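Novice: Quick one: this structure, given as structure tokens, is what I'll be asking you about.
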Amino acid sequence: MELIKTTLSWTHTISASLSLAFGIIILLGVKGNFQHKRIGIWYFYAMLVNNTTALFILNAFGKWFFPHYLAIACLIVIIPGIISIKLKHKYWLKVHIVCMILSFYLLVGGAINETFLHVPSLRPYMINNTIVVGITHMFAQLFFIGVLVYYLWKYRSIKSLRTDS
């Protein structure tokens with residue numbers, strides 16, 4: 001049983017790390033080119049593994065806890081984000097942008113929590129539920145809201161990407 005827990009934990013950690021790396025590359029890179037599409041698919045699969053394994057990791061008391069619901073939310077978000085690319089419906093690009101940025105925010109939010117939980121000098125902030133954790137999340141939220149607004153504005157009038165035009 002310990003081998004299963006260790007394998008699950010390492011698979012989750014590696015897929016989360018890969019998701020972060022792929023997400024940063026996509027966020028900072030050129031959109032729509034071959035590299036964006038290829039790394040985007042890798043991001044999608046790494047996120048599938050990351051969030052699926054998260055569903056099987058239990059807290060110290062052997063129960064589901066809040067991050068499990070965030071993993072479900074992330075799965076609910078990334079799947080339409082990918083499907084929208086394939087279907088190319090009227091609002092596919094907006095759906096894709098919102099879903100992928102939201103999924104990356106959920107990933108970064110999880111990384112913030114894990115950092116506060118596993119870095120010894122930061123752990124008291126998480127355990128004591130101090131405002132520092134909330135402020136850190138607030139800055140992450142503001143950053144991702146800004147990124148979302150930027151990309152929705154930047155690609156607001158692109159019709160040439162639609163196949164039905």
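The values are calculated or read from the model by the stated rules, or taken from the named source; none is laboratory data. These numbers were taken from a predicted model, which means no experiment stands behind them. So basically every Cβ, Gly included, is an ideal-geometry build from the backbone, and we count neighbours across all protein chains shown. We work out accessible area using only protein heavy atoms, side chains counted, and drop any ligands, DNA or RNA first. Shrake-Rupley method; radii C 1.70, N 1.55, O 1.52, S 1.80 Å.
Novice: Enter the accessible area per residue of segment 53-154 (Å², integer; probe 1.4 Å; all protein chains in place). Walk me through the intermediate numbers first.
Specialist: On the way: 6360 Å² over 102 residues.
Using a 1.4 Å probe on heavy atoms only, each residue of segment 53-154 averages 62 Å².
Novice: Given only helices, namely DSSP H runs of n ≥ 4 each adding -39500 (n - 2.57), what is the per-residue ellipticity at 222 nm of the chain, to the nearest 500 deg cm²/dmol?
Specialist: Helix-only estimate at 222 nm: -26500 deg cm²/dmol.
Novice: Here's a follow-up. Grab the beta carbon distance between TRP10 and HIS137, set R0 = 22 Å, and tell me the FRET efficiency rounded to 0.05.
Specialist: The value I calculate is 0.25.
Novice: Turning to a different aspect of this structure: Count of lysine pairs in the chain with Cα atoms under 13 Å apart, counting only pairs 8 or more residues apart in sequence or on different chains?
Specialist: Taking the Cα cut-off of 13 Å, the pair count is 6.
Novice: Given a 1.4 Å probe and every protein chain left where it sits, what share in percent of the accessible area of the chain is carbon and sulfur?
Specialist: Percent of accessible area from carbon and sulfur atoms in the chain: 73.
Novice: Then there is this: Under the definition of Cα pairs under 8 Å and six or more residues apart, what whole-number percent is the relative contact order of the chain?
Specialist: That works out to 18 percent.
Novice: Still on this structure, I have one more. I need the Kirkwood Rh of the chain: take the reciprocal of the average 1/r across all distinct C-alpha pairs and report it in angstrom.
Specialist: By the Kirkwood definition, the hydrodynamic radius is 17.1 Å.
Novice: A further question follows. Just how large is the dipole of the chain about the Cα centre, in debye to the nearest 20, putting +1 at every Lys and Arg Cβ and -1 at every Asp and Glu Cβ?
Specialist: Working: 14 positive and 3 negative charges, 159 e Å.
Magnitude of the dipole: close to 760 debye.
Novice: Using Cα pairs under 8 angstrom and six or more residues apart, how large is the relative contact order of segment 9-106, in percent? Intermediate results must be reported in sequence, preceding the final value.
Specialist: Numbers: 86 pairs, mean separation 24.3, N = 98.
Rounded, it is 25 percent for segment 9-106.
Novice: Nearest 10 degrees, 0 to 90: what angle lies between the long axis of helix 131-154 and the longest principal axis of the chain (Cα atoms)?
Specialist: Result, in degrees: 10.
Novice: Given the options HIS118, HIS68, HIS137, which has the most mean-square fluctuation in a GNM of the chain, springs set between C-alpha atoms less than 10 angstrom apart?
Specialist: HIS118
Novice: Further question: Measure nothing but the geometry: give the 0 to 90° angle between the long axis through the Cα atoms of 66-87 and the longest principal axis through the Cα atoms of the chain, rounded to 10°.
Specialist: Rounded to the nearest ten degrees, it is 20.
Novice: Classify segment 1-65 from the C-alpha gyration tensor, please: rounded if a/c falls under 1.5, else prolate or oblate depending on whether a/b exceeds b/c.
Specialist: Prolate shape, in that a/c is at least 1.5 and a/b is the bigger ratio.
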